[in-house]
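Readers should treat all values here as calculations from the given coordinates under stated rules, not as data from a laboratory. This one's a predicted model, so the numbers in the text were calculated from it and none came from an experiment. Counting neighbours? That spans all protein chains shown, and the Cβs are built from the backbone with ideal geometry, glycine included.
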Protein chains: 2
Amino acid sequence: MVGAVIVKDGKIISEGWHKKYGGPHAEAEAITKAKPGDIRGATLYCNLEPCCHTNKQTPPCTPLIIRHKIKRVVISNIDPNPGVSGQGIEQLKNAGIEVISRVHEQEGEFLNRFYFNFIKNNRPYITLKIAQSLDGKITKEMGTQTSVTGKEAKRFVHQLRAQYDAVMIGANTVNIDNPALTVREIKGRNPLKIIIDGDLDTSAEAVVFNDKSLLITSKNADKNKLAAFKEKKTQIILLSPDNSGKISFNEINNILAEQKITSVLVEGGADIASQIISKQLYDELIVLQSPEIYGRGLSAFNLTENIKLKIKSIDKLGEDLKIIMQ
Amino acid sequence: MVGAVIVKDGKIISEGWHKKYGGPHAEAEAITKAKPGDIRGATLYCNLEPCCHTNKQTPPCTPLIIRHKIKRVVISNIDPNPGVSGQGIEQLKNAGIEVISRVHEQEGEFLNRFYFNFIKNNRPYITLKIAQSLDGKITKEMGTQTSVTGKEAKRFVHQLRAQYDAVMIGANTVNIDNPALTVREIKGRNPLKIIIDGDLDTSAEAVVFNDKSLLITSKNADKNKLAAFKEKKTQIILLSPDNSGKISFNEINNILAEQKITSVLVEGGADIASQIISKQLYDELIVLQSPEIYGRGLSAFNLTENIKLKIKSIDKLGEDLKIIMQ
């Protein structure tokens with residue numbers, strides 16, 4: 001996610017942003033939209049280092065900036081892509097352009113956290129989303145579905161889904177909630193649905209398998225049961241269970257990285273959430289908390305150890321609370 | 001809690017506030033501090049209706065306002081005290097003074113919620129304070145003391161204690177935490193300590209009984225055990241247990257109202273918190289929530305019913321979260 005603004009004599013003269021993978025870069029769009037004479041001597045603000053590499057769909061941005069005689073470039077983040085990684089800045093400086101970098105660096109890092117993480121760690125950025133009551137429950141009664149939060153929180157979850165490459169849930173959540181995991185409350189694209197189901201407890205008739213989905217199960221899964229999924233729009237991945245009989249999250253991450261899935265929103269349930277928390281596999285934890293005490297019901301986590309998190313932001317979301325933690 | 005500001009020609013010319021029970025009222029202080037000639041034709045802003053009743057330690061404020069020829073009086077709240085209750089405003093209007101009332105009425109009501117509640121309901125305002133982990137636990141392990149929140153939250157609790165007439169805890173909290181319940185982190189007066197101990201499970205040697213305290217126990221309590229408390233600075237109240245063997249909170253409220261205790265901060269534990277929540281006896285619920293998952297440990301509430309609350313405000317308090325609910 002990159003935006004560019006060209007400023008001259010204290011006035012914005014052009015803007016651009018990167019609309020889709022393979023499309024024109026933000027800097028190129030901003031330069032193309034402006035009158036060539038106006039740009040000469042202007043300042044270009046851009047949250048990511050302009051690219052200089054040529055092994056891709058679009059031409060590099062640095063020659064364009066140099067050719068249009070832009071005087072100064074202000075950047076938030078150096079591109080961690082090894083093909084750029086400071087070389088874009090180097091080219092600009094060699095052409096006599098003043099470059100100021102690391103301006104609002106943290107905000108820029110947060111904006112492009114999926115991309116930066118993928119380049120750095122070669123695994124998807126994992127956000128765990130929990131909707132819980134004030135007393136840490138995800139259902140009012142054991143084994144029943146509960147709409148924990150209100151409509152504003154629901155809308156926010158749909159916004160999240162549209163931002164992530166994939167949404168992940170476990171077999172229990174499929175069986176109890178039977179969710180569609182589609183984007184309905186806002187306009188946006190549907191994410192890939194990933195279902196973790198080591199024992200193959202789900203049914204291919206569940207709503208989630210009506211759309212593009214990825215079923216991750218064990219190599220020992222029942223072949224007859226698997227056949228039903230093969231008739232659906234479901235890609236099946238068979239993994240070896242670990243010593244405790246569970247599918248290893250590290251192996252799942254490797255599979256997802258191979259498929260270029262850069263971001264996963266984990267929507268539950270308690271087993272998967274607890275595994276991810278316990279193994280410190282999350283990059284972000286979003287808790288949507290309703291101001292209600294349930295008393296009975298299933299706890300959001302089934303952990304036996306203490307895990308310390310750090311609050312990044314808090315907000316009210318309708319009648320509920322949104323807590324973002326890292 | 002009353003403040004008064006006198007304004008003339010868009011400038012503040014005098015201010016006053018009510019410093020203690022029996023001391024000069026805010027309006028009187030503001031008028032006394034200003035030069036008499038300056039006040040003529042000025043506007044007096046005051047969060048509570050000026051008093052007109054004479055059966056008290058200080059003279060009424062309305063004659064003073066009238067005598068100094070103040071032109072306009074702007075008020076947040078009408079005094080619910082039956083001796084005033086609109087009659088103060090009436091006297092001002094009869095003297096030709098313009099009166100505008102109910103300005104920032106809700107803020108004024110919140111500021112004086114202890115007093116307004118006491119006048120209206122003849123029982124103390126009850127605030128329940130819970131310090132819990134993200135997963136709703138108040139201890140890391142069963143039966144052990146846990147410092148759930150950080151130093152900023154601790155300081156805030158001491159601020160609360162200094163604001164309330166009394167702090168209340170149950171026998172389990174005395175036995176497990178052995179708290180002093182004094183104000184140490186800030187400068188402020190110590191509240192009365194109220195200990196609810198139906199079965200007389202606490203020891204008179206507990207720290208809390210070293211200071212002014214009120215022990216509420218059952219009429220059936222062991223007389224020998226009680227003798228030890230009588231040697232301390234402890235007032236003992238004996239009540240009849242209800243059908244379930246517990247002391248009724250309504251009866252406790254009546255006793256506290258007789259003693260002119262207008263506000264009680266309940267600091268736990270789970271049993272008392274759950275009783276108060278379940279019987280809807282709280283006026284305010286303050287949850288200090290640490291971004292930590294405990295897994296094991298004691299839950300903040302032991303309820304079997306759903307209780308819906310309403311978030312009034314949220315704030316970060318150091319690394320923790322402060323949620324005020326009603």
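Values for this structure:
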| read-out | value |
| --- | --- |
| Selection from B:114, B:127, B:143 lying farthest towards where the dipole of the stretch B:105-163 points positive, charges on Cβ | B:143 |
| Normalised alpha carbon radius of gyration of chain B [divisor 2.2 N^0.38 Å] | 1.16 |
| Fewest-first ranking of B:146, A:144, using other Cβ atoms within 10 Å as the exposure measure | A:144, B:146 |
| Sites residue A:35 and residue A:57 - FRET efficiency at Förster radius 41 Å, r taken between beta-carbons, to 0.05 | 0.95 |
| Highest average packing first - B:132-138, A:314-320, Cβ atoms within 10 Å | B:132-138, A:314-320 |
| Cα gyration tensor, the protein assembly as shown - rounded (a/c under 1.5), prolate or oblate | oblate |
| Antiparallel DSSP beta bridges within the stretch B:1-112, as percent of all bridges there, nearest 5 | 55 |
| Positive-end residue, the protein assembly as shown charge dipole about Cα centroid, Cβ charges, pick of B:221, B:85, A:26 | A:26 |
| Rounded Å value of the spacing that divides the Cα centres of the stretch B:245-275 and the stretch B:121-137 | 12 |
| HN-Hα J in Hz across the stretch A:141-156 - Karplus 6.51, -1.76, 1.60, θ = phi - 60°, x for Gly and Pro | 10, 4, x, 10, 7, 10, 7, 6, 10, x, 5, 5, 5, 4, 4, 4 |
| Estimated vicinal HN-Hα couplings, Hz - the stretch A:298-314 in sequence order (Karplus 6.51, -1.76, 1.60; Gly, Pro = x) | 8, 6, 5, 10, 10, 10, 10, 10, 7, 10, 9, 10, 10, 6, 9, 7, 10 |
| Exam field: residue A:237 pseudo-label spacings to other copies (7 Å along Cα-Cβ), nanometres | 6.3 |
| Per-residue ³J(HN,Hα) for the stretch B:6-23, Karplus 6.51 cos²θ - 1.76 cosθ + 1.60, θ = phi - 60°, Hz, x for Gly and Pro | 9, 10, 9, 6, x, 10, 6, 9, 6, 9, x, 8, 7, 7, 7, 4, x, x |
| Under-5 Å amide H pairs with residue B:235, H placed in peptide plane, nonlocal only | B:213, B:214, B:215 |
| Links that overshoot a 20 Å alpha carbon limit, given the list A:316/B:151; A:316/B:308; A:137/A:322; A:310/B:137 | A:316/B:151 |
| Within the protein assembly as shown, percent of DSSP bridges classed antiparallel, to nearest 5 | 40 |
| Size of electric dipole in the stretch A:110-202: Cβ of Lys, Arg +1 and of Asp, Glu -1, about Cα centre, debye, nearest 20 | 560 |
| Among B:272, B:159, A:266 - extreme Cα towards positive end, dipole of the protein assembly as shown, charges at beta-carbon | B:159 |
| Local electrostatic count at residue B:198 - Lys and Arg +1, Asp and Glu -1, tallied over other residues with Cβ under 11 Å | -3 |
| Chain B Cβ-axis minimum, rotational copy A, residue and distance in Å | B:136, 2 |
| Average beta carbon contacts from partner chains per residue of A:129-135, 10 Å cutoff | 5 |
| Sites residue A:1 and residue A:219 - FRET efficiency at Förster radius 30 Å, r taken between beta-carbons, to 0.05 | 0.20 |
| Distant-in-sequence amide H partners of residue A:242 (H built 1.01 Å from N, under 5 Å) | A:247, A:248 |
| Dipole magnitude of the stretch B:20-61, debye to nearest 20 (Cβ charges: Lys/Arg +1, Asp/Glu -1, about Cα centre) | 120 |
| Spatially proximal lysines relative to residue B:19 (Cα-Cα < 17 Å; intrachain offsets below 8 disregarded) | B:33, B:56, B:187 |
| Other-chain or far-sequence residues with amide H under 5 Å of residue A:125's (modelled H) | A:263, A:264 |
| Whichever aspartates and glutamates have a C-alpha closer than 19 Å to that of residue A:69, once near sequence neighbours (fewer than 8 apart) are set aside | A:9, A:15, A:27, A:29, A:38, A:49, A:90, A:98 |
| Other copies of residue B:226: label-to-label distances in nm, shortest first, labels 7 Å along the beta-carbon direction | 7.6 |
| Cβ-vector label at 7 Å, residue A:296, separations to other copies in nm | 2.7 |
| Dipole magnitude (debye, nearest 20) for the protein assembly as shown, charges at Cβ of Lys, Arg, Asp, Glu | 1760 |
